[in-house]
Each structure stands twice: as structure tokens, then as C-alpha cells.
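Structure, as C-alpha cells:
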Amino acid sequence: MSETAKISIQGVETELPLLVGTENEVGIDISGLRAATGAVTLDFGYKNTGSTTSSITYLDGEAGILRHRGYSIEELADKAEFLEVAYLLINGELPTKEQYDAWDNEIRRHTLVNTDIQNMFDAWPTGSHPMGQLIAMISSLSSFYPESLNPNSGEEARMRTITRLLAKMPTLCAMISKNRIGHPIIYPKNNLSYVENYLNMTFKHVTEDYELDPVFVRAMNKLLILHADHEQNCSASTVRLVGSSHANLYASISAGVAALWGPLHGGANQQVIEMLEAIAADGGDAQKYIDKAKDKNDPFRLMGFGHRVYKNFDPRAIIIKKSADEVLEKLGVSDPTLEIAKKLEQAALSDPYFIERKLFPNVDFYSGIIYRAMGFPVEMFTVLFALGRLPGWIAQWREMMDDKQPIGRPRQIYTGPVSRSFTPLNERG
Ligand code: ACO
């Protein structure tokens, strides 16, 4: 294979180096293109642009492959603890038993948040969306830990900031749940694992005992792992871009949470359930909604369908679908939205519109059904996604910082008016 790509632009020729990844992905390094030819590249939505090299996650959308640091998502979801996957993503290797115990212990020691954070809820109107609250709470951690403001203050300080954030995230998410329903918060119990602690803080009532259900714990552990990283998606790219200005980790992650909130990204999990409920309330006619999604004059889209990168199947959706069946069967829940989901999936997968455009159910299509069976309100679904995605965002941020990448600052093709002179206000017609 040629080691360069030849390009000729308006009579100026140049050769650009090729970069071949460990899985043989080929990229054209265009960093010298503008200097050599005066041209830049244009790629709306970055559909064809590699924004970085990365050794964290490998994704082959055609083959439906997702691997973190070389380990398949199927194996990780089946065999690992969420904090093991977090360690793997952030540090590059699976921890030894000793490393894991130290990591787990350090995270358990930092689960409490400053009680002043609770005061933030006084400022928000009842019914505020949990994602808006999460963004503000994560960002506010920089006020409580001002040493985090300088992300270049050394590895030890950086790891402390990372550990704090991982440790406090379940506490923040659970505080949001409790405040939504006007209940007192439940403090973390550090003899519980990461996942157990989160479920306990979310579902225990202050007046009652709460017994952790191992089915819930296993399902939650799996769901968090399935969301842990997904290379250069909208929110990870946001974390990298914000972090590239050397904004602190808390600010960078809260920006990632904001990107995740959108319905075309993580916010889709809330929208899927709302869509399924609307279809059920409208008589359960899946075909009617398939037709709406196909109608170019109708803005309706089948939420939970389609993916920028997966063009065959989303491996996470396959694992989640199996898990949803298991959880619902074990809990004896019969959810009419699951039946609608199955009808919708069958109808879409056999419809030429969806086949031609390679539109398949994505991770969000089934995750909401499990969350709902576990008792989470729909507004919390995207918060759960953020809880799972946190280690991936941190790993992406850390890699960008360790690589000493320059500030992210894309170019543009200007299409506005050319130079013209200013007419004073009283002379304008
Ligand atoms: N329902 C109906 N038609 C769709 C859908 C859908 N869910 N998704 C894509 N299409 C159609 C588009 O209208 C377009 O048709 P056209 O070629 O006739 O114009 C074609 O399929 C390609 O779609 P694009 O929007 O160009 O694809 P893109 O890669 O930009 O978007 C996205 C991907 C945002 C995920 C899109 O499929 C979508 O909106 N899906 C619904 C929202 C969703 O589930 N998001 C979660 C994604 S997973 C995640 O973030 C964790």
C-alpha cells in the first residue's frame, strides 16, 4: 500500500502521509494540507473525519465490533465489574487484584459530597430536568476542589480529581433522584460496591430497610459497562474539545453531559420510552409510526433506531435486549411497551426504507425498558447513561492531555458577504 495520498487542488499537487491503525484503519494526515495548497477539508458532522488517534476503544460499525483496550464488549459485560472496566479504560490495562482493591478502596473513601451541594436544589424549580441539575452539580465540584482548576498540576493531583469524580458521581445522581420526589437523601455506605451503593442511595427510603436485589445489581453493572465508552462520539468529542482549552476536568465532563442530553445522542433513551408509551396510548399500531418515520414531511423519527457508525447491528443492543428479557422475566414484569418495541423492531427490520438506510435498533432502544422495570423514572434515564459513560469521558480527556494535543479549533469555509463599507444608520434606506 502506498504510504502517501496524492492530492491535486487547483493545479497545486501535494502528497499527504497515511496513518494506519492497529486494526488497519487508514487515515490521511491532512495537517500539512493548508500550508501546501491553501485548502482545508470540509466535513459537516465529521462523518468522515478522524479527530484524533486513540488507543482506548476500537469500533467497527460494519462488523458490529466494540472493544475496549482490545477486550470485546461481550466479554467485559459478561465477566467484569464496572470499576474494573473504568480502570481499564482510564489506565490502559486490567488491574491486578492488588491494584483493583486499592482503586476500589480509594473510590469508596471519596463517595461523600459537601453538604452545601444539597443547597443547589433550593434554587431549582420543582420538576427541573435531572440532566440540567447534573451538569451544574458536576461543574460545581471545581468550587469545592479548587486544586482541580489547573489540570496540569501533576499526575497525583489529576488522579485525585479523577477518583473524586468517579466516587461522587453515583452520590450526585442519587441525590437528584431523591430531590425529585422530595425525600431526604441517603448517604453512601462504603461497605457496598459501586453499583450496590448507587442502587441503595437511589431506592432505599430513610424510614425503611432496603434489600439489594442481586438481579438488579447484575443488570445495572452490565448496563454501566455497556455504556462505558464509545470512542469519538458527540459527548466524548465535546469533553476532548473543552478539555483541549485546559479547562478543568469537572468543567470538561459537565460539557460532555450537556452533549449527551440531546435526543439524537444519550437523550434518546428517555425519548424511546416516551415514544413507545405514545404508540401504546394511540392503540399500539406500530405500522402507523413506521410510516410517520418514513414520511419526509413529518419530523418524527423512530427513536432508538439508527446510528452514525453502526451500519449492521449495535453489539450493545444485542446484549441489552437479552438482559431486558432476563430482568423482566425474573421480576415477573409484563411491560406492554416491550411488546410495542418488539412489533416496531420487527416491522422496521423488514421495511425497505430501514433496510436500505441500514437503520437498526441502537443501545437506547432496550435500555429504557430495563431501567423502567427497575423503577427509575424516565427523566433519570440519560443520567444513568452519564453514570456509565463517565470512565470513558475521563479516559478520553486523560489521553488528550497526556498526548499534549493542541487546542481544538476547526477551520470553516466562509459563505457570508464579501467586504463592503459601513453606511451610517441615518443614511440607510
Ligand atoms: N427514523 C427514521 N429515519 C431515520 C432515522 C430514524 N431514527 N435515523 C436516520 N434516518 C434516516 C434519515 O432521515 C436519512 O434518510 P435520507 O438518506 O433519506 O435523508 C438517513 O436515515 C440517514 O440518517 P442521518 O440522520 O443522515 O444519519 P446520521 O448518522 O447523521 O444520524 C442518528 C444518526 C442521529 C443516530 C439518527 O439515526 C437518529 O436521529 N436516530 C434517532 C435518535 C437516536 O436513537 N439516537 C441515539 C443514537 S445512539 C447514542 O447516541 C447512544
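Take Ile185 and decide whether it is open to solvent by 20 Å² or more (accessible area, probe 1.4 Å) and either assigned by TED's automatic domain parsing to the domain that holds Gln346 or in contact with a helix residue (DSSP H, G or I) (Cβ under 7 Å, 6 or more places away or on another chain) (or both). Please lay out each step first, then the result.
On the way: open to solvent by 20 Å² or more (accessible area, probe 1.4 Å): yes; either assigned by TED's automatic domain parsing to the domain that holds Gln346 or in contact with a helix residue (DSSP H, G or I) (Cβ under 7 Å, 6 or more places away or on another chain) (or both): yes.
Considered against the rule, which asks whether it is open to solvent by 20 Å² or more (accessible area, probe 1.4 Å) and either assigned by TED's automatic domain parsing to the domain that holds Gln346 or in contact with a helix residue (DSSP H, G or I) (Cβ under 7 Å, 6 or more places away or on another chain) (or both), Ile185 comes out as yes.
Starting from residues that are surrounded by fewer than 24 Cβ atoms within 10 Å (Cβ to Cβ) and closer than 20 Å to Arg240 by Cβ, keep the ones in segment 255-266 and report whichever is farthest from the ligand (Cβ to nearest atom). Steps first, please.
As a first pass, look at segment 255-266 and keep what is surrounded by fewer than 24 Cβ atoms within 10 Å (Cβ to Cβ): 255, 258-259, 261-265.
Checking which are closer than 20 Å to Arg240 by Cβ leaves us with 255, 258-259, 261-262, 264-265.
Values: Ala255: 16, Ala258: 14, Ala259: 10, Trp261: 11, Gly262: 9, Leu264: 4, His265: 4 Å.
Applying the filter and picking the extreme gives Ala255.
Check whether at least one residue in segment 153-160 is open to solvent by 30 Å² or more (accessible area, probe 1.4 Å), modelled with pLDDT under 95 and at positive phi, and report yes or no.
yes
Are any residues in segment 271-290 within 11 Å of the ligand (Cβ to nearest atom) and not hydrophobic (A, V, I, L, M, F, W, C), and if so, which ones?
Gln271, Tyr289 - these are the residues of segment 271-290 that are within 11 Å of the ligand (Cβ to nearest atom) and not hydrophobic (A, V, I, L, M, F, W, C).
Considering every residue within segment 24-37, establish whether at least one is basic (Lys, Arg) and assigned to a helix (DSSP H, G or I). Break it down stepwise before answering.
Quick first cut of segment 24-37, residues basic (Lys, Arg) only: 34.
Checking which are assigned to a helix (DSSP H, G or I) leaves us with 34.
So far as segment 24-37 goes, yes, one or more of its residues are basic (Lys, Arg) and assigned to a helix (DSSP H, G or I).
Filter segment 265-296 down to residues that are assigned to a loop (DSSP other than H, G, I, E, B) and touching a residue at least 12 places away in the same chain (Cβ under 8 Å) and give me whichever is farthest from Leu384 (Cα to Cα).
Looking at residues that are assigned to a loop (DSSP other than H, G, I, E, B) and touching a residue at least 12 places away in the same chain (Cβ under 8 Å), I get Gly284.
Give me the pairs: first residue in segment 365-391 and assigned by TED's automatic domain parsing to the domain that holds Arg316 and farther than 22 Å from Ala167 by Cβ, second residue polar (S, T, N, Q) and assigned to a helix (DSSP H, G or I), beta-carbon distance under 6 Å, and six or more apart or on different chains, which are they?
Pairs found: Ser367/Asn269; Gly368/Asn269; Val378/Gln270; Phe381/Asn269; Phe381/Gln270.
Which of the residues that make up segment 297-322 are open to solvent by 20 Å² or more (accessible area, probe 1.4 Å), within 11 Å of the ligand (Cβ to nearest atom) and in a loop (DSSP other than H, G, I, E, B)?
Asp298, Pro299, Phe300, Arg301, Met303, His307, Arg308, Val309, Lys311
Among residues belonging to segment 66-92 that are open to solvent by 50 Å² or more (accessible area, probe 1.4 Å) and either among the small types (Gly, Ala, Ser) or assigned to a strand (DSSP E or B) (or both), point out the one that is nearest to Arg389 (Cα to Cα).
Here the answer is Arg67.
Could you list, in sequence order, all residues of segment 93-117 that are within 19 Å of Ala174 (Cα to Cα) and either exposed (fewer than 14 other Cβ atoms within 10 Å of the Cβ) or β-branched (Val, Ile, Thr) (or both)?
Answer for segment 93-117, where residues must be within 19 Å of Ala174 (Cα to Cα) and either exposed (fewer than 14 other Cβ atoms within 10 Å of the Cβ) or β-branched (Val, Ile, Thr) (or both): Ile107, Arg109, Thr111, Leu112, Val113, Asn114, Thr115, Asp116, Ile117.
Given (1) under 18 Å from Thr171 (Cβ atoms); (2) open to solvent by 60 Å² or more (accessible area, probe 1.4 Å), where does Ser142 come up short, assuming only one miss?
So Ser142 meets the others, but not (2).
Just to verify a result, which residue in segment 323-341, among those that are more than 25 Å from the chain's Cα centre (by Cα) and not aliphatic (A, V, I, L, M), is least open to solvent (accessible area, probe 1.4 Å)?
Filtering first and then ranking leaves Asp335.
The values are calculated or read from the model by the stated rules, or taken from the named source; none is laboratory data. Computed from a predicted model, the values in this text were never measured in an experiment. Positions of Cβ are generated from backbone atoms using ideal geometry, with glycine treated the same way; all protein chains shown enter the neighbour counts. Side chains included, ligands, DNA and RNA excluded: accessible areas come from the protein's heavy atoms. Shrake-Rupley method; radii C 1.70, N 1.55, O 1.52, S 1.80 Å.
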